[in-house]
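These notes are about the structure you will find just below.
The values are calculated or read from the model by the stated rules, or taken from the named source; none is laboratory data. Treat the numbers as computed from the prediction; the structure is a model and nothing was measured. A quick note on method: Cβ atoms are made from the backbone with ideal geometry, for glycine too, and the neighbour counts reach across all protein chains shown.
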Amino acid sequence: MSYGPHTPADRERMLSAIGVASVDELFADIPAGLRASRLNLPDAEPELSLATRLEAMAGRNRTDLASFLGAGVYRHYSPALVDQLLLRGEWYTAYTPYQPEVSQGTLQSIYEYQSLMAELTGLDVVSASHYDGGAATAEAALMACRATRRERVLVSRAVHPQYREVLRTYFAGLQLDEIPLVAQGPAAGTTDLVALERLLAEADRPVAGVVIAQPDFFGLLEPMAEAGRLAHAAGALLVAVVEPVSLAVLAPPGAYGADIAAGEGQPLGIPPQYGGPYLGLIACTTALIRQIPGRLVGQTRDLDGQRAFVMTLQAREQHIRREKAASNICTNQALLALAASIWLAALGPHGLRDVAATGAARATELEGALAAVGAPRVHAGAYLNEFAVRVPNARAVHRRLLDRGVLAGLALADALPDEPALSDALLVCATELTTPEQITRFATELASATGGAA
Amino acid sequence: MSVVGPRLQPTIFEQSRPGRGVARVAHPPKDALARIPADQLRSAPPGLPELSEPDLVRHYVNLSQLNYAVDAGFYPLGSCTMKWNPKINEWAARLPGFAGLHPMAPDETAQGTLQLLWELEQWLAEISGMRAVTLQPAAGAHGELAGILMVRAYHLARGDADRTEVLVPDSAHGTNPATAAMAGYTTVNIPSRPDGAVDIDAFRAALGPRTAAIMITNPSTLGLFESRIGDLIEAVHAAGALAYMDGANLNAILGRFKPGEAGFDVMHINTHKTFSTPHGGGGPGAGPVGVGERLVPFLPSPRVLREPDGTFRLERTGERPTSIGRLRTFVGSTGVLVRAYAYLCSHGAAGLAEVSDDAVLAANYLKHRLAESGAYDIPFARHCMHEFIASAATLRRATGVRTLDVAKRLLDKGFHAPTVYFPLTVEEGMLIEPTETESIETLDAFADALIEIAREAHDHPELVTEAPHGAPVRRLDEAGAARQPDLRARPTAPIDTPCPD
């Protein structure tokens with residue numbers, strides 16, 4: 001089917017006005033030798049049969065499992081009003097607010113998003129959005145290089161492995177070194193500060209930024225304030241990779257001295273959708289305002305003195321600065337920033353705290369239930385709502401539980417093939433959507449799959 | 001717009017009152033956070049707003065009504081392809097099986113989505129004439145970065161490390177030179193011909209042993225197909241370089257020109273332009289990239305693979321060491337790609353060809369209406385593709401009214417403005433792209449409005465230079481916004497501490 005309005009008579013009228021006999025004449029600039037071969041594609045599908053087929057395809061995905069999988073993407077309750085507002089065409093069928101006089105809705109919503117994120121992060125400058133947590137982290141690291149005029153970045157091995165892969169891609173021509181983790185003891189699984197200090201002190205290899213995640217990939221809380229002091233003493237910036245829902249209860253980056261915060265905004269009520277569209281967060285101190293990549297919205301006045309909002313400081317951006325721009329980013333994730341804003345406003349400060357603290361409470365229950373069937377935590381340090389547990393033959397057990405309707409988190413052997421010490425571990429998480437019944441079911445099935453005590 | 005007139009809104013912070021709001025989630029036990037060291041906890045709650053549900057919904061409904069949108073009217077923004085966004089696409093992306101699927105879910109639990117992605121890759125490869133497609137890039141500029149990083153990997157894999165330059169026409173989207181710089185290349189800007197068109201001979205002359213790639217938009221940002229593109233690609237390859245095509249203007253050439261067949265080595269596709277995924281007020285988009293044979297080994301990871309038994313899986317980390325790696329987390333913006341897939345299936349081969357035929361027909365009709373009126377300059381008389389350039393240069397000399405003024409006056413007449421002052425190579429330029437989904441009545445009404453504005457420019461210039469008059473706000477002080485940046489609101493009411501439970 002076609003969504004076009006033209007009747008044969010309309011087309012005829014247009015052709016005769018233009019003065020051509022057929023539409024083919026309009027394509028005469030394409031030389032004969034370069035004309036396309038026939039499009040070898042299926043025929044058009046009527047809406048009903050397409051809808052039926054898409055429903056069947058979606059139905060082949062298993063979203064009915066009791067899921068303990070997080071690893072950077074977290075399911076949260078989304079109040080009914082959120083998606084109803086997002087379905088308003090005035091939001092999702094508008095484009096970038098190039099004509100601010102007829103885009104005040106989008107512009108004010110971005111300004112409010114920047115304000116909400118500034119509250120969560122404790123940092124005053126927030127970009128209007130980036131692609132996702134991985135790309136935002138890479139852009140934050142590049143930003144540290146521009147700000148310090150240095151070319152080397154250190155990234156903790158406790159940063160999400162996919163974020164580290166993205167960093168490597170973006171840093172093709174720059175220097176990227178990994179900070180090892182503490183192997184044993186109460187701080188096991190967190191960034192090794194002794195190693196960090198050594199890396200920062202290497203002669204003739206000045207460091208632009210230090211990238212550490214809070215909570216880290218294993219769910220552990222990192223010594224951010226101390227890492228920040230070490231980085232600053234070496235003239236480097238601290239880039240904190242944050243999970244925004246955790247910021248309802250955890251100390252914000254602005255409080256522990258981070259210069260830049262980056263992260264994935266998906267937990268702010270955005271569905272998992274097998275990878276996106278998501279919401280890349282970047283926030284920074286006012287000192288770094290000229291280095292932040294991507295769009296910014298600021299408050300101003302119109303000719304009558306009415307308050308209004310507009311894209312600002314565009315001299316950083318590609319459409320003005322071209323090859324000298326802070327980044328090549330153009331399209332952003334405005335609709336996802338709106339979704340996150342509505343979700344945050346629907347929950348409010350107390351609701352957000354309830355969500356974060358309920359996840360922590362459920363995670364405590366999960367820890368107890370799994371420990372009772374012989375799956376103790378791998379690490380000893382404090383965590384919020386995600387942690388690793390030791391399970392012999394973790395991969396095979398994960399597989400067996402899947403057949404019994406339990407998605408037992410992430411087998412770390414799959415995500416971190418270069419960490420043999422974690423080959424028998426599962427990374428599991430709980431949120432407010434995790435029920436006590438699901439926890440009991442996980443523990444029971446785990447016991448029966450491993451022969452542990454029930 | 002609202003029946004009682006557009007209403008500017010106080011910020012959501014200004015509407016906050018402590019104690020308002022709805023409990024959405026039960027309160028957790030009081031000791032929920034007791035096991036976390038005090039120095040890791042926040043000392044005061046974030047200053048988020050507290051609103052009742054009616055106030056919150058009205059805030060966002062009233063804000064939305066300050067926006068112009070495709071759902072409200074004609075949006076002829078050149079190079080942005082603001083076509084109709086079919087409603088079934090929104091429905092499809094929200095199906096619980098698609099929306100609720102975790103991106104690290106085991107392959108066997110994700111077969112529906114993996115099949116959809118694999119099939120979408122085949123559709124896009126056929127449309128672009130490319131050998132293979134990656135769906136990972138999150139936007140057009142992200143796709144450009146993927147493409148140029150693959151070009152870099154290709155040259156380095158051949159031991160050809162001296163290629164340091166990327167050639168870009170000065171009429172290119174700003175993302176092209178910015179991408180080349182981000183990938184570590186020096187951008188060489190190739191000046192356009194005096195009439196603003198791409199100078200193919202200057203390109204050929206600039207090619208050499210230092211050239212890694214050229215980046216070119218075809219049809220060009222002037223809405224013209226480069227007839228000599230074949231010769232240029234041949235010269236590029238003879239110089240040992242590769243040819244990148246910016247696919248922003250793919251909506252003109254579906255079924256008529258396959259860039260891969262013509263010799264392009266790599267191109268990106270903007271699903272939010274050609275394949276109807278909504279622009280969302282600036283995003284999200286998706287920027288799949290198609291590559292020819294030579295670049296297949298370097299595609300970003302993970303690829304979607306089909307096994308001999310007909311099942312699908314994601315490539316594993318490190319499985320293909322030649323890959324340039326990841327450009328973002330996970331496989332891609334799947335929710336956007338579901339919409340693009342629905343769009344492609346609903347059109348089929350014939351429907352897609354009709355899209356481009358109708359888009360080009362509509363652009364030429366509109367161009368003809370304006371040319372015939374004499375109200376504006378039409379710098380390129382020949383047939384255009386899916387968009388065309390008009391200019392207010394003569395009008396400005398006669399009346400002092402600039403393109404910017406014309407754009408603002410169009411808002412009063414119920415239309416979004418075209419893209420203005422792009423490309424930078426045309427004086428007082430307007431890039432007008434009607435798309436295939438607008439009726440002849442709408443095209444006529446838009447032409448009439450533009451012609452009337454030219455008349456107003458002669459008779460009552462202040463009507464145009466002071467426009468808009470009917471929009472929610474008048475022209476803004478943009479310089480003031482940049483001089484003293486105010487980028488965030490501050491909470492006006494203190495937050496109760498602790499939680500009142």
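Going by the structure shown, is A:E323 assigned to a helix (DSSP H, G or I), assigned by TED's automatic domain parsing to the domain that holds A:V391 and either touching a Pro at 6+ places or on another chain (Cβ under 6 Å) or among the acidic types (D, E) (or both)?
It is false that A:E323 is assigned to a helix (DSSP H, G or I), assigned by TED's automatic domain parsing to the domain that holds A:V391 and either touching a Pro at 6+ places or on another chain (Cβ under 6 Å) or among the acidic types (D, E) (or both).
If a residue has to be out of contact with any Ser or Thr (no Cβ under 7 Å at 6 or more places or on another chain), part of a loop (DSSP other than H, G, I, E, B) and more than 7 Å from chain B (Cβ to nearest Cβ) to count, how many in the range A:76-86 make the cut?
Final tally of qualifying residues: 1.
Let me confirm something: among B:T334, B:T329, B:T311, which residue is assigned by TED's automatic domain parsing to the domain that holds B:S128 and surrounded by fewer than 24 Cβ atoms within 10 Å (Cβ to Cβ)?
B:T311
For the condition under 19 Å from the mean Cα position of the chain (by Cα), small (G, A, S), modelled with pLDDT of 95 or more and outside the structural domain of B:F275 (by TED's automatic domain parsing), what is the one hit in B:G143, B:G78?
On inspection, the qualifying residue turns out to be B:G78.
Can you tell me which condition B:P76 does not meet? The list is (1) surrounded by fewer than 15 Cβ atoms within 10 Å (Cβ to Cβ); (2) more than 30 Å from A:M224 (Cβ to Cβ), and all the others hold.
Only one criterion in (1) surrounded by fewer than 15 Cβ atoms within 10 Å (Cβ to Cβ); (2) more than 30 Å from A:M224 (Cβ to Cβ) is unmet by B:P76, namely (1).
Go through the range B:111-125 and give me each residue that's in contact (Cβ under 8 Å) with a residue 60 or more places away in the chain and over 16 Å from B:R339 (Cβ atoms).
Within the range B:111-125, B:Q111, B:L114, B:Q115, B:W118, B:A125 meet the criteria.
So for the range A:161-181 (the condition being surrounded by fewer than 19 Cβ atoms within 10 Å (Cβ to Cβ), under 30 Å from A:T364 (Cα atoms) and modelled with pLDDT of 95 or more), does at least one residue qualify?
There is at least one residue in the range A:161-181 that is surrounded by fewer than 19 Cβ atoms within 10 Å (Cβ to Cβ), under 30 Å from A:T364 (Cα atoms) and modelled with pLDDT of 95 or more.
Of all residues in the range A:98-107, how many are within 7 Å of chain B (Cβ to nearest Cβ) and buried (at least 24 other Cβ atoms within 10 Å of the Cβ)?
6
Of everything in the range A:263-320 that's charged (D, E, K, R), surrounded by fewer than 24 Cβ atoms within 10 Å (Cβ to Cβ) and within 24 Å of B:H142 (Cα to Cα), which residue is nearest to the other protein chains (Cβ to nearest Cβ)?
Here the answer is A:E317.
Please pick out the residue among B:G287, B:G325, B:G318 that is under 26 Å from B:E90 (Cα atoms) and within 13 Å of chain A (Cβ to nearest Cβ).
B:G287
With in contact with a Lys or Arg (Cβ under 7 Å, 6 or more places away or on another chain) and either free of Cβ contacts under 8 Å to residues at least 40 places away in the same chain or on the phi < 0 side of the Ramachandran plot (or both) as the only criterion, which of A:L433, A:L416 stands out?
On the way: A:L416 fails: in contact with a Lys or Arg (Cβ under 7 Å, 6 or more places away or on another chain).
None of the others qualify; the one that does is A:L433.
Looking at B:L145, B:L242, B:L149, B:L232 in this structure, which one is in contact (Cβ under 8 Å) with a residue 40 or more places away in the chain and within 30 Å of B:F380 (Cα to Cα)?
The match here is B:L242.
Within the range B:124-200, which strands (runs of 3 or more DSSP E) (wholly inside it) include 3 or more residues that are within 11 Å of chain A (Cβ to nearest Cβ)?
B:186-190
Filter the range B:348-371 for residues that are within 9 Å of chain A (Cβ to nearest Cβ), closer than 23 Å to B:R402 by Cβ and either touching a Cys at 6+ places or on another chain (Cβ under 9 Å) or surrounded by fewer than 19 Cβ atoms within 10 Å (Cβ to Cβ) (or both) and give the result.
Across the range B:348-371, the qualifying residue is only B:K367.
Restricting attention to the range B:434-446, which residues are outside any helix (DSSP H, G or I) and either β-branched (V, I, T) or touching a residue at least 40 places away in the same chain (Cβ under 8 Å) (or both)?
If we filter the range B:434-446 for residues that are outside any helix (DSSP H, G or I), which is where we start, we get B:434-439.
Selection gives B:P434, B:T435, B:E436, B:T437, B:E438.
Take the residues of the range A:131-155 that are under 30 Å from B:P103 (Cα atoms) and among the charged types (D, E, K, R): which is surrounded by the most Cβ atoms within 10 Å (Cβ to Cβ)?
Among those that are under 30 Å from B:P103 (Cα atoms) and among the charged types (D, E, K, R), it is A:D132.
Filter the range A:20-37 down to the residues that are more than 8 Å from chain B (Cβ to nearest Cβ) and part of a loop (DSSP other than H, G, I, E, B) and list them by number.
Result: A:A21, A:S22.
Checking A:A71 against (1) at negative phi; (2) at the interface with chain B (Cβ under 7 Å from one of its Cβ atoms); (3) of a type in the set (A, V, I, L, M), which single condition isn't satisfied?
(1)
Taking the residues in the range B:36-58 that are more than 7 Å from every other protein chain (Cβ to nearest Cβ) and not polar (S, T, N, Q) as candidates, determine which candidate is nearest to A:A118 (Cα to Cα).
B:A44
Within the range B:54-68, restricting attention to residues that are touching a Leu at 6+ places or on another chain (Cβ under 8 Å) and not in a helix (DSSP H, G or I), which residue is nearest to A:Y111 (Cα to Cα)? Walk me through how you get there before you give the answer.
As a first pass, look at the range B:54-68 and keep what is touching a Leu at 6+ places or on another chain (Cβ under 8 Å): B:56-57, B:59-61, B:64, B:66, B:68.
Within this subset, residues satisfying the condition of being not in a helix (DSSP H, G or I) are B:66, B:68.
On the way: B:L66: 15, B:Y68: 18 Å.
Among those residues, the one meeting the criterion is B:L66.
Here's the yes/no breakdown for (1) of a type outside the set (D, E, K, R); (2) more than 30 Å from A:L338 (Cα to Cα):
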{"site": "A:N40", "(1), (2)": "yes, yes"}
{"site": "A:D43", "(1), (2)": "no, yes"}
{"site": "A:L48", "(1), (2)": "yes, yes"}
{"site": "A:G59", "(1), (2)": "yes, no"}
{"site": "A:T63", "(1), (2)": "yes, no"}
{"site": "A:A66", "(1), (2)": "yes, no"}
{"site": "A:G70", "(1), (2)": "yes, no"}
{"site": "A:V73", "(1), (2)": "yes, no"}
{"site": "A:Y77", "(1), (2)": "yes, no"}
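Regarding B:R17, is this residue surrounded by 15 or more Cβ atoms within 10 Å (Cβ to Cβ) and farther than 30 Å from A:L48 by Cα?
Criteria not met by B:R17.
How many of the residues in the range B:453-473 are assigned to a helix (DSSP H, G or I) and farther than 18 Å from B:L370 by Cα?
Within the range B:453-473, the subset assigned to a helix (DSSP H, G or I) is B:453-459, B:461-465.
Then drop every residue that is not farther than 18 Å from B:L370 by Cα, which leaves B:459, B:461-465.
Selection size over the range B:453-473: 6.
Read through the list (1) at the interface with chain A (Cβ under 7 Å from one of its Cβ atoms); (2) farther than 22 Å from B:L254 by Cβ, then give the number of the only condition that B:E108 fails.
(1)
For the range A:184-221, how many residues are more than 13 Å from A:H160 (Cβ to Cβ), touching a residue at least 40 places away in the same chain (Cβ under 8 Å) and in a loop (DSSP other than H, G, I, E, B)?
The qualifying residues number 11.
Could you please find all residues in the range A:389-406 being in a strand (DSSP E or B) and under 20 Å from A:H160 (Cα atoms)? Walk me through it before giving the result.
We begin by selecting, within the range A:389-406, every residue in a strand (DSSP E or B); these are A:389-390, A:406.
Selection gives A:V389, A:R390.
Residues of the range A:39-75 being among the basic types (K, R) and touching a Ser or Thr at 6+ places or on another chain (Cβ under 9 Å), which ones?
Going through the range A:39-75, the residues among the basic types (K, R) turn out to be A:53, A:60, A:62, A:75.
Passing the criteria: A:R60, A:R62, A:R75.
Looking at the range B:39-73 only, could you name the residues that are within 14 Å of B:E14 (Cβ to Cβ) and surrounded by 19 or more Cβ atoms within 10 Å (Cβ to Cβ)?
Within the range B:39-73, B:G47, B:L48, B:P49, B:E50, B:L51, B:L56, B:H59, B:L63 qualify.
Of all residues in the range B:274-312, count the ones that are out of contact with any Leu (no Cβ under 7 Å at 6 or more places or on another chain) and part of a loop (DSSP other than H, G, I, E, B).
The qualifying residues number 16.
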